[in-house]
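Working notes, beginning with the structure itself.
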Amino acid sequence: MTTLLNVDDYERAARERLEHSIYDYIAGGSWDEITLQENRTAYDKWRLRPRAMVNVEHRDLSVSVLGDTLSFPIGIAPSAFHQLMHPNGELATVRAAGAAGTVMCLSIMSTVSLEEVAAAASGPLWLQTYIFKDRSLTADLAARAKAVGYRAFVLTVDTPVLGRRERDSRNQFELPAGIEMRNLNLAPAVLGEYESPMVRFIKGQIDPSLTWSEVEWFVKTVQMPVFVKGVLHPEDALLAAKCGVSGVIVSNHGGRQLDGAISTLDALPEIVSAMKDTGIDIIVDGGIRRGTDVVKALALGAKMVLIGRPVLWGLAVDGEAGARSVLDLLCREMDTTLALIGCPRAGDLNSDYLVRL
């Protein structure tokens, strides 16, 4: 096997192993994929400004979130259909997360049931979900998750309709036989123009009339910590805080929703500033490919980051071991970066370590 030294190496190796349509489904974004690219290049606008002659013999990457201590501030973002990458699917991913000492956020569109994933977990679990048209379905899923030990819910709020993903349309992407959403029933197909399973599901189940009042309803209904995912505007972050959420995830759905939207790193500083007196945790995802990216996000005020595609590339290459390897290499890169910038504790990172070009 070719030596895999970084996330890009894992992506290239995964691309060689996967069917073209499956690779495109994971790698692609909406329309011209401008936001997809901006998520990555936004990190290049910042340079690290190191301090010299600091004792960095012992370094601490740990972070506490919702009372759980994670070994490092990198969690696994929710993404659908892990069995597209490997037959063990989300079971392999959650085992990798537990072995690495971090959190996994399971997508409600997982190919393994939320109960089976919980049984395989050795670390904290969060469940990503939506507020469905059928409110009883929403409440039932929440009850199922609480019953098997999920620690928080991640409520996605940037999907009133689905962004147009042209790679999937060109490939007429469909889930292979035997791979299904194990927590939900797929909405019936709509006759006419080709539509992916995701499009059919969104049309059948997602309610585009939702407002912040429904977020408040969700928080009160689930009676557990809730993170709102898909916030790019500081005013929306403040509205989420008024709804009683425990955290905000600065996210543009990995560039898969509104093309031309602001990158998550560019959105982060204003949101952090707006939320500074709320005590609410700010998490960011999108475009993270190096340990230096993690350090930059934390220096701009994020409590931790979530990664999606990098873990999936690892999963495609070598199942659980591959996913774990990706987490480990990002952790090592982050550790080296902390040593070289003269900041032994990840929790002490701040904007003084950065310069914007």
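A few notes on this one:
- Any pair with Cβ under 8 angstrom, 6 or more apart, that starts in region 232-256 at a residue that is more than 19 Å from ASP266 (Cα to Cα) and touching a residue at least 12 places away in the same chain (Cβ under 8 Å) and ends at one that is of a type in the set (Phe, Trp, Tyr) and in a strand (DSSP E or B): VAL245/PHE227; SER246/PHE227
- Test: residue in region 9-27 that is among the hydrophobic types (A, V, I, L, M, F, W, C) and more than 30 Å from ALA177 (Cβ to Cβ): no
- Taking region 238-357 and the strands (runs of 3 or more DSSP E) fully enclosed by it, the elements with 2 or more residues that are crowded, with 20+ Cβ neighbours inside 10 Å are at 247-250, 281-285, 304-307.
- Within the set ARG95, ARG12, ARG59, ARG17, the sole residue that is of a type outside the set (A, V, I, L, M, F, W, C) and either in contact with a His (Cβ under 7 Å, 6 or more places away or on another chain) or closer than 26 Å to LEU338 by Cβ (or both) turns out to be ARG59.
- Residues that are modelled with pLDDT of 90 or more, part of a helix (DSSP H, G or I) and closer than 24 Å to PRO87 by Cα do not occur anywhere in region 206-217.
- Selection count where residues are among the basic types (Lys, Arg) and more than 23 Å from VAL311 (Cβ to Cβ), scope region 256-291: 1
- Condition met for VAL317 (β-branched (Val, Ile, Thr) and farther than 28 Å from TYR10 by Cβ): no
- Where a residue in region 170-188 is at positive phi and its partner, wherever it lies, is crowded, with 18+ Cβ neighbours inside 10 Å and modelled with pLDDT under 90, with Cβ under 9 Å and at least six apart: GLN172/SER196
- Selection from region 92-128 of residues that are among the aliphatic types (A, V, I, L, M) and without any contact (Cβ under 8 Å) to a residue 60 or more places away in the chain: VAL94, VAL103, MET104, LEU106, VAL117, ALA118, ALA119, ALA120, ALA121, LEU125, LEU127
- Only one entry of THR156, THR111 meets the criterion of being touching a strand residue (DSSP E or B) at 6+ places or on another chain (Cβ under 9 Å) and at pLDDT 95 or above, and that entry is THR156.
- Residues being of a type outside the set (S, T, N, Q), loosely packed, with under 13 Cβ neighbours inside 10 Å and not in a loop (DSSP other than H, G, I, E, B) - total across region 48-69: 0
- Scanning region 217-249 for residues that are hydrophobic (A, V, I, L, M, F, W, C) and in contact with a Gly (Cβ under 8 Å, 6 or more places away or on another chain) yields VAL219, VAL226, PHE227, VAL228, ILE249.
The values are calculated or read from the model by the stated rules, or taken from the named source; none is laboratory data. This is a predicted model, so every value here is computed, not measured. Neighbour counts run over all protein chains shown; Cβ positions are idealised from the backbone, glycine included.
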